Structures are given as C-alpha cells and as structure tokens.
Amino acid sequence: MARYAEHQALALPVRRPGVPIHRWLYAEMRAAILNGRLAGGQRLPPTRDLAHQFGIARGTAVAVFEQLVAEGYVTAAAGRGTHVASSLPDDLFAAAIPRAKLLKTSGHPIGLSDRARPLTRSPFPLTGPTTAGGAFRAGQPDLMAFPVTLWSRIGNRIGRRSQRLLLGAGDVAGYLPLREAIAAYLGTSRGIRCSAEQIVLVASVQQGLDLCVRLLVNPNESVWMEDPGYPAARSVLEAADAKTIYVPVDAEGIDVAAGRRSAPSAKFAYITPGRQYPLGVTLSLKRRLELLRWAEQSGAVIFEDDYDSEFRFSGPPLAALKSLDSIDRVVYAGTFSKLLFPAIRLACLVLPVRLIDPFIAALSLTTRHMPTWNQAILSDFIAEGHFSRHLRRMRTLYSERAEALQEAARTHWSDFLVMSRIESGLDTAVLLRPRIDDRAAAAAAARANIELRPLSGHSQRRPRLRGFVVGFAAVDSRSIFDGASRFAQILKEQVSISKAHRPVSRH
C-alpha cells in the first residue's frame, strides 16, 4: 500500500493557457517517462484518481492512458494496474534528446547525391521568421500597410459561400476565377494578351523556374543568366546541371550580342527585363527585339521574371517583354509575394501555348495543386478593385520612401557609395567608392540590425562588383535616416580596417 500511496499524485508542469487538457496531460506524461522522472516499472495512479487530481473527466484520463499504452510507453493488465514500461525502444528515448546533441552523435553518415550541392546552397534564410528585420531589407513590401481586415473579411465571406469547393482538391493550374482575373489585369497593366488557360499558379517564381528548367533544359546544355543576377535563380540552373553562361549587363540591360558570342545555341535564358536585378536598369526596346529574334533563331525559351515592375514611380508600369512575344517563346512570371505579402505564397506564370500541357502534367506530379482558399480571396480582391487601389497606395508610399533614401544617401553616404536615381521597385543597388569588402561591411551592418545584400554575391565577373542592394519599401522615413547614419559609421570603420590591412608599397 505504501508503494501505491506515494504514486497517487503526479507532479507535472503547470499547463500553459490555451493548451487542451488532454494534449497537455499526454505530452507531460510522455516527457516524464522519456527523461526518467517516471521510472520504468513504476506504477501509475488509477485513472479515477488522475481525473480527480487534475479536475478532468475520467474519460479524458482513460483516453490518455490508452494512447500511451498504444505507443508502448506504459503497460496495463487487468488486476495489476498501469505501469511505466520497463524497457523502451531506443527510438523513443531519442525523441527526448535535444536536436543539437543528436547532430553530434556518431553513426553512419547520410550520403547526399551529386545533385545536392547546388540545392543546399540556398540564399534564403533556413530557420526562424523572416518578416521582422532591421533597416534596408531588400525585396520586402510594407506588411503593416496591407489591409488585413479587408482580406480577412473577404476570406470569411468566401468560407461561408464555398466551403466544399475551398476544402476539396483544387485545379492543378489554379483557381479558374483567379486565372481569369489575372489574365484581364495583365492585359491592361502589362500589355500581355493571354487566356486564362495559359496562366498557371505556383507557390513562387522560384518553383516555376525550377519546373521550366527541368522540362526544357538537358544536363550540360547552355542557358543564359544575367551577370550580375539573382543568386537563387543561379542555384536553380546549377541544380539542373545546366551549363550557365553569364551574360554581362550594362545600362541597356542584358547584352544580347555578348550572349550570342558566348553561347549562340543556348536553349534557355533567365532575365529580369522590367527592372534588372540587382542593378535596376530596364531592358531597352532594341535589346528586347534582339533577344526575341535570338530566341526565334535558336529555338530558345526566355523566362521573364517580372518581380516588382508594378511599382514604377513616374508614369504607368512598362509593358512586359511578353507583350512583344509574337513567336510565343516567353514564359512570363509575376509574384504576389512582393505586391501584397510574402506569406501568400502565390505566383503566376503565363506559358507559351505549346508548354501548357507538359507543364501542368509535371506540376500535378510535383505539387498536385495549390491551396484554394487564398486564391479565392485574391480573386475577389482583384475583381472588387482592392488590388489596384492597394498598388496605387503602395506606389505613392514607396515613392516617398525612395526619396527619403536618396536624401539620406546624399547626407550620409556621399563619401562611400554611388546611388543612381530610384525610379521603381522595392530596393536599389549602390556601388562602393572605397576599396572595402562589401561582405565584411554587410556582416558588420547585420550585427547592428541593418540588413544589406552585398553585390559581390550577385556577380561572377572579375573583378566583382562591390556594393549593396538596399531596400527602402518596408521601412519608414525615420528608420531610413537612422539606418543611413548608423551604416555610414560602419563604413568609416570598414575603411579604417581596410587601410590597416592594405600592404604598404615600397619604392
């Protein structure tokens, strides 16, 4: 009786608010068994006593015990009560081992394939939330300016109207009313004449590019890539075992003649003609026509990444390259992650007619379909005019912040950085004057909660460009001036460090 009495009450951590009682009881008993606080063979209190101790229904306690029995943590026998299992499988104990300790354990290594190297060189953050950050985060819209209440209201209305449709399997190509709305919008905003059948919805431009490259490019076939260019796109091309040809960019955009000289028979080209990333230049009409002529002659497909061209601060957005595509060899890609908010995870492709069927078939194999709910909300958001109004407000807001950044740069950065006039987008490129390491400067800035992308990481040419991609859309004017002042001090320190390590010339 004494052994039984001392186990009448279980000492468990206090339940956090909002955690269901059955989930808490199961998790804490399981944790106590795994870490040895409840020893193997120890008798557990009867479910009636457990229910009384924690103020729960006996059925809840019974359900928790049944779950623990089913998973092998405890044993139960008629007339003998319930006990902690005397021996637990090794994999159960492993569940209690912290991840950091697990990573240090010995054992057979897991060998990665030859294709894994480019896949594991992701330029994106791998852990933690990515919405918060310091000044100058590039490619980030202002999340606080998004009409969340309106979006939620549309979502609630749609949920009441179409629950069966929204919760069931969706169309592989995407929600048809949204594709129809996008087709109409692209016709008026970007000059693209297309049908809803040509539009496919994906999680990101990155996903669309990956699938296009896998469908169109064989290993070791040449593909054009802008230099400097988007590092994540470069990783996709490398992951496909393509032979990447880095084509220089000048004031008119990608140098088509240089691309022809390097790889005239390339089968694919990834470009950002509306606002070249990262330099921000626009592909000239002459170069656009040259590029389309090359694609027709070589049989190549052009992937047009139109990532934030909607945010043009003087005049309407420029027509897309796809609007000139009379030969139907351009895949147009646009993203709502930068126009609205990153968590929406929606991008659209306008496919050449001959690519529709193979792309949708491949998409059905790799993704099946995108979640329908956000697509349905966005469809109404566009149809009711909210999308256009939001973009107009954001153009005004981002234009004001671009002006603030340029003024701050004139005040604080003129000795260190060269900045061109900002005419569009969410960010801009600045070039370093002094001979300092932009990666080291960016790392020093990050320690001060200033987020910058070093230009050298975007370039393959020698010598590499040195400078930074500076975001302005997601930070207010006060934060822009404060960040500019603090970064100027960091640049001064980096100049001093660079001079101290520079070899002294001997005459």
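The values are calculated or read from the model by the stated rules, or taken from the named source; none is laboratory data. As the structure is a computational prediction, the values presented were derived from the model and not from experiment. Don't worry about glycine lacking a Cβ; one is built from the backbone with ideal geometry, like all the others, and counts go over all protein chains shown.
LEU292 satisfies every condition listed in (1) crowded, with 24+ Cβ neighbours inside 10 Å; (2) in contact with a Leu (Cβ under 9 Å, 6 or more places away or on another chain) except (1). Restricting segment 294-312 to residues that are part of a loop (DSSP other than H, G, I, E, B) and among the hydrophobic types (A, V, I, L, M, F, W, C) leaves a set whose member that is nearest to the chain's Cα centre (by Cα) is PHE311. Looking at the structure I just gave you, is LEU431 closer than 30 Å to MET225 by Cβ and within 27 Å of the chain's Cα centre (by Cα)? Taking the combined requirement at face value, the residue satisfies it.
Conditions tested, residue by residue: (1) more than 22 Å from ARG121 (Cα to Cα); (2) not in a helix (DSSP H, G or I).
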{"residue": "LEU209", "(1), (2)": "no, no"}
{"residue": "ALA232", "(1), (2)": "no, no"}
{"residue": "LEU237", "(1), (2)": "no, no"}
{"residue": "TYR246", "(1), (2)": "no, yes"}
{"residue": "ALA257", "(1), (2)": "yes, no"}
{"residue": "ARG261", "(1), (2)": "yes, no"}
{"residue": "PRO264", "(1), (2)": "yes, yes"}
{"residue": "ALA269", "(1), (2)": "no, yes"}
{"residue": "LEU279", "(1), (2)": "yes, yes"}
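Every test in (1) under 20 Å from GLY253 (Cα atoms); (2) among the aliphatic types (A, V, I, L, M); (3) buried (at least 23 other Cβ atoms within 10 Å of the Cβ) is passed by ALA347 save one, and that test is (1). Does ARG368 meet the test of being in contact (Cβ under 8 Å) with a residue 60 or more places away in the chain, out of contact with any Leu (no Cβ under 9 Å at 6 or more places or on another chain) and outside any helix (DSSP H, G or I)? Taking the combined requirement at face value, the residue satisfies it. Scanning segment 475-489 for residues that are surrounded by fewer than 22 Cβ atoms within 10 Å (Cβ to Cβ) and either in contact (Cβ under 8 Å) with a residue 12 or more places away in the chain or in contact with a Pro (Cβ under 7 Å, 6 or more places away or on another chain) (or both) yields ASP476, SER477, SER479, PHE481, ASP482, SER485, ARG486, ALA488. In segment 311-336, of all residues being among the basic types (Lys, Arg) and at pLDDT 95 or above, the one that is nearest to PRO141 (Cα to Cα) corresponds to LYS322. When you scan segment 21-30, do you find a residue that is without any contact (Cβ under 8 Å) to a residue 24 or more places away in the chain, in a helix (DSSP H, G or I) and among the acidic types (Asp, Glu), even just one? Yes, the conditions are met somewhere in segment 21-30. Considering only segment 251-272, I want to know if a residue exists there that is hydroxyl-bearing (Ser, Thr, Tyr), surrounded by fewer than 18 Cβ atoms within 10 Å (Cβ to Cβ), in contact with a strand residue (DSSP E or B) (Cβ under 8 Å, 6 or more places away or on another chain) and at pLDDT 95 or above. The answer is yes, given that some residue of segment 251-272 is hydroxyl-bearing (Ser, Thr, Tyr), surrounded by fewer than 18 Cβ atoms within 10 Å (Cβ to Cβ), in contact with a strand residue (DSSP E or B) (Cβ under 8 Å, 6 or more places away or on another chain) and at pLDDT 95 or above.
Please indicate, with yes or no, whether at least one residue in segment 457-470 is aromatic (Phe, Trp, Tyr) and closer than 27 Å to ASP306 by Cα. The answer is yes; a qualifying residue exists. Can we say ARG193 is over 23 Å from THR367 (Cβ atoms) and out of contact with any Leu (no Cβ under 9 Å at 6 or more places or on another chain)? In short, no. Might you let me know whether segment 197-206 holds any residue that is over 22 Å from the mean Cα position of the chain (by Cα) and outside any loop (DSSP other than H, G, I, E, B)? Yes, the conditions are met somewhere in segment 197-206.
Screening the candidates SER420, SER414, SER399 for the property of being hydroxyl-bearing (Ser, Thr, Tyr), touching a residue at least 40 places away in the same chain (Cβ under 8 Å) and surrounded by fewer than 16 Cβ atoms within 10 Å (Cβ to Cβ) yields one hit, SER420. For segment 72-116, residues that are exposed (fewer than 11 other Cβ atoms within 10 Å of the Cβ), outside the structural domain of GLN42 (by TED's automatic domain parsing) and at pLDDT 60 or above total 8. Scanning segment 31-67 for residues that are surrounded by 15 or more Cβ atoms within 10 Å (Cβ to Cβ) and in contact (Cβ under 8 Å) with a residue 60 or more places away in the chain returns ALA31, LEU34. Of the helices (runs of 4 or more DSSP H) lying entirely inside segment 136-192, those containing at least 2 residues that are at pLDDT below 90 are 148-161, 163-167.
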